[in-house]
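To keep things clear, I will list the structure first and then write my remarks on it.
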Amino acid sequence: MATTSTPARSITRARLASVLQGQGALVALALLVLFGALRYDNFLSSYNVTSFLANNAKFGLIALGMTFVIMTGGIDLSVGAVAALASVVAAMVSEYGLVVGIAVPVLVGAVIGLVNGSLVAWGRLQPFIVTLAMLLAARGLALTVAGNQSVAVDFESGFTALGTTTLLTLAAPIWIFAVAYLLGVLVLGRTPFSRHVLAIGDNEETARLMGLRVERVKLGVYALSGALAGMAGVLLAAQYGAGQPAEGVGWELTAIAAVVVGGTLLTGGLGSVVGTLWGVLLLGLIFNVLNFENGRGVISLSPYWQSIVLGGFLLVVVLLQNRLAARQT
Amino acid sequence: MARASETAAVGDLGRGRARPRDVRDLGQTYGAAAALALLVLYNAVFTDRFLTTDSIYVNLTQVAPIVIVALGMTLVIATGGIDLSVGSLMAIAGALAPLIFLSDVPFGVAIAFVVPVLVTGAFGLFNGVLITRFGFQPIIATLVLFIAGRGIAQVLTNGELQPFRNPAFQYIGLGRVLGIPFQVLLMLAIFAIVAWTVRTTRFGRQILAIGGNEAAARLAGVPVNRVKLAVYGISGLLAGVAGLIVIAINSSSDANQVGLNLELAAIAAVAVGGTPLTGGRATVVGTLIGALILQLLRFTLLSHGVPDAVALVVQAGIIIAAVFLQRQRQT
């Protein structure tokens, strides 16, 4: 079977497998929600749901950008540090109001993304090393600019409204989260950009021969990832009331885990924005459920268990995905 | 006989590309070595008391854990893989050792050297099993223990700092042989073994063959899975050793801190040293030089009053410059 299938068919199958993988995350998410709803009071309370979503909005934004980068076959390790830098920048410009407080940090993130993208696309350097160096540089910049301490935001200028305003009972970060993913799904589903992204991830040389502007697309995905990390930094500053130069350590790897759990292949060429959304919610919900379980008092797991559970979960999901993919082909 | 022919096959596989590779590696190593020499020269002239044994030993003792981890990382990267779990494995070894020697186990100190390293070696094998038997990509396989490993170390110690005073155990971090810090000698010994392995043994050629072209290596009779398992196991073992050194120096073990970001430092050292992340080539000398460059750069900046945060930015620039120059040389 496998040996006789044409490349086209194997791609269709792989697509099918990736859809299934995305749905796998959704199924797991649904089961976990069901479990939580049946087991804990207040699990589906509006307070828990909204605070859960508001807290995970920043991880969601980062994972969204990461999805596009990974679909080109790249990786962006700098996002956590960029978010930290952006949160510091946001706090520093927060006195000029909400618009500036959002625009400047997002721009800073986008510029860093452009630098990453230029080095990857035109410099032909490996994304892993480029963005690893950028992780160090952005962290260093954040700490330097902030003077090694957190920077308070201006509470008079209206910037903090971002963390407190609600619209139709949902907090602003949740709206940003939702709109970002809506746009992400639309971009992935309906525009040539996404086809170019996937084509480059599938086979860069072929994409180039087909006349795609590989460099420009790559620049685009890294800039997008940087800008979204910048936005995550804005949310961080608004929610904490301070720019946090030392925050965001390891966010990049959690984002990669969410993307992988969501069914996007790390080798590029296949990906699902919706899958990433399920992945982000799933990983976040594991912490939420553990907190509720601790609250019941039957078990008492220290917060340290969370990372063990998360790691174990990642292991199981990828194991199942690999099995599924193996069966598909 | 079978064994001899297998060696020949692998040897041929390596030799096919060996000469241009060697020349290239040499060029890269010399480039990095020249940069290191410049740094040393600069410090000798402009930094007070740089050429004293004290300041040299400070640099070498600080760099030793990074070098030890980076040597394992070099082997992993040479196969085309990556190991993100090393920092967390250091934390596990660092958490286990005091638990052992602070308890009443007979020969506690001896066991505290052996068991933690074996445990992290086993975790390294676990990484290898995920990659070879279950088809995980190395970055994902080792991400599992990157996340969970530190949690394991924190659960073992309940996240609390474990202070201790145990001269016998701390010899690994504080001891001196003929005035030379023990961990520097340990680092050099491990360096020599790894360099010898890559340069002269069949195992070394097999590692490079896998990184160069895994399918071809498999066809040529290289036991790909076994070699990869070994490589990740070695990386785990070395991470354990580095973890023991770090806690011995600190006279305490903090599961939240031991080995934090060390995977990045090690990967940076490997890259600056001239081993490409795509695998197939490796320069062990380069890794040592790369780690020394990054260490000395930070030392230089700090001793001239540049804050640590700014030093990070400069380090980033050096990493990019190094890989950029290597790329130029390849094309």
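The values are calculated or read from the model by the stated rules, or taken from the named source; none is laboratory data. Because the structure is predicted, anything quoted here is derived from the model rather than measured. Methodologically, a virtual Cβ is constructed for each residue, glycine included, from the backbone with ideal geometry; neighbour enumeration extends over all protein chains shown.
Among the polar types (S, T, N, Q) and within 11 Å of chain A (Cβ to nearest Cβ) - does that describe any residue in segment B:130-152?
Yes, because at least one residue in segment B:130-152 is among the polar types (S, T, N, Q) and within 11 Å of chain A (Cβ to nearest Cβ).
Per the conditions (1) in a helix (DSSP H, G or I); (2) within 14 Å of chain B (Cβ to nearest Cβ); (3) closer than 26 Å to A:LEU183 by Cα; (4) at pLDDT 90 or above, the sole criterion not satisfied by A:VAL88 is (3).
From the list B:ALA266, B:ALA271, B:ALA322, the lone residue that is within 22 Å of B:GLY81 (Cβ to Cβ), surrounded by 24 or more Cβ atoms within 10 Å (Cβ to Cβ) and at pLDDT below 85 is B:ALA322. Taking the criterion of being more than 9 Å from chain A (Cβ to nearest Cβ), polar (S, T, N, Q) and not in a strand (DSSP E or B), the only residue of segment B:158-169 that qualifies is B:ASN166.
Residue-level check: of (1) at pLDDT below 85; (2) out of contact with any Phe, Trp or Tyr (no Cβ under 6 Å at 6 or more places or on another chain), A:PHE292 misses just (2).
Where helices (runs of 4 or more DSSP H) sit wholly within segment A:99-202, those with at least 2 residues that are within 11 Å of another protein chain (Cβ to nearest Cβ) occupy A:127-146. When the test is whether a residue is at negative phi, in a helix (DSSP H, G or I) and more than 10 Å from every other protein chain (Cβ to nearest Cβ), B:ILE293 passes it. If you filter segment A:48-80 down to residues that are over 8 Å from the mean Cα position of the chain (by Cα), aliphatic (A, V, I, L, M) and under 12 Å from A:SER225 (Cβ atoms), you find that the one that is modelled with the highest pLDDT is A:VAL79. Selection of segment B:283-301 for residues being touching a Gly at 6+ places or on another chain (Cβ under 8 Å) and over 21 Å from B:GLY87 (Cβ atoms) yields B:THR283, B:VAL285, B:GLY286, B:ILE289.
Restricting attention to segment A:169-179, does a residue exist that is in contact with a Lys or Arg (Cβ under 9 Å, 6 or more places away or on another chain), free of Cβ contacts under 8 Å to residues at least 60 places away in the same chain and either within 23 Å of A:TYR96 (Cβ to Cβ) or not aromatic (Phe, Trp, Tyr) (or both)? No: segment A:169-179 contains no residue that is in contact with a Lys or Arg (Cβ under 9 Å, 6 or more places away or on another chain), free of Cβ contacts under 8 Å to residues at least 60 places away in the same chain and either within 23 Å of A:TYR96 (Cβ to Cβ) or not aromatic (Phe, Trp, Tyr) (or both). One residue alone among A:GLY233, A:GLY248, A:GLY220 is away from chain B (no Cβ under 14 Å) and either in a loop (DSSP other than H, G, I, E, B) or buried (at least 24 other Cβ atoms within 10 Å of the Cβ) (or both), and that residue is A:GLY233. Screening A:THR12 with (1) modelled with pLDDT of 80 or more; (2) assigned to a helix (DSSP H, G or I) gives one miss only, at (1). Scanning segment B:299-326 for residues that are over 20 Å from B:VAL40 (Cβ atoms), assigned to a helix (DSSP H, G or I) and within 7 Å of chain A (Cβ to nearest Cβ) gives B:ALA309, B:VAL310, B:LEU312, B:VAL313, B:ALA316, B:ILE320, B:VAL323, B:PHE324.
From the list B:THR275, B:THR300, the lone residue that is polar (S, T, N, Q) and within 16 Å of the chain's Cα centre (by Cα) is B:THR275.
Residue-wise test of (1) modelled with pLDDT of 90 or more; (2) assigned to a helix (DSSP H, G or I); (3) within 12 Å of another protein chain (Cβ to nearest Cβ); (4) under 18 Å from B:LEU325 (Cα atoms).
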{"residue": "B:VAL222", "(1), (2), (3), (4)": "no, no, no, no"}
{"residue": "B:ARG226", "(1), (2), (3), (4)": "yes, yes, no, no"}
{"residue": "B:VAL231", "(1), (2), (3), (4)": "yes, yes, no, no"}
{"residue": "B:GLY236", "(1), (2), (3), (4)": "yes, yes, no, no"}
{"residue": "B:THR287", "(1), (2), (3), (4)": "yes, yes, no, yes"}
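Is at least one residue of segment B:102-110 outside any helix (DSSP H, G or I), at positive phi and more than 10 Å from chain A (Cβ to nearest Cβ)? Checked segment B:102-110: at least one residue is outside any helix (DSSP H, G or I), at positive phi and more than 10 Å from chain A (Cβ to nearest Cβ). Checking segment B:252-266 against the condition returns a match, with at least one residue being touching a strand residue (DSSP E or B) at 6+ places or on another chain (Cβ under 7 Å) and not in a helix (DSSP H, G or I). Screening A:VAL280, A:VAL317 for residues that are in a helix (DSSP H, G or I), touching a residue at least 12 places away in the same chain (Cβ under 8 Å), within 11 Å of chain B (Cβ to nearest Cβ) and of a type outside the set (Asp, Glu) leaves exactly one candidate, A:VAL317. Scanning segment A:128-155 for residues that are in contact (Cβ under 8 Å) with a residue 60 or more places away in the chain and either surrounded by fewer than 24 Cβ atoms within 10 Å (Cβ to Cβ) or on the phi > 0 side of the Ramachandran plot (or both) yields A:LEU143, A:VAL145, A:ALA146, A:ASN148, A:GLN149, A:SER150, A:VAL151, A:ALA152, A:ASP154, A:PHE155.
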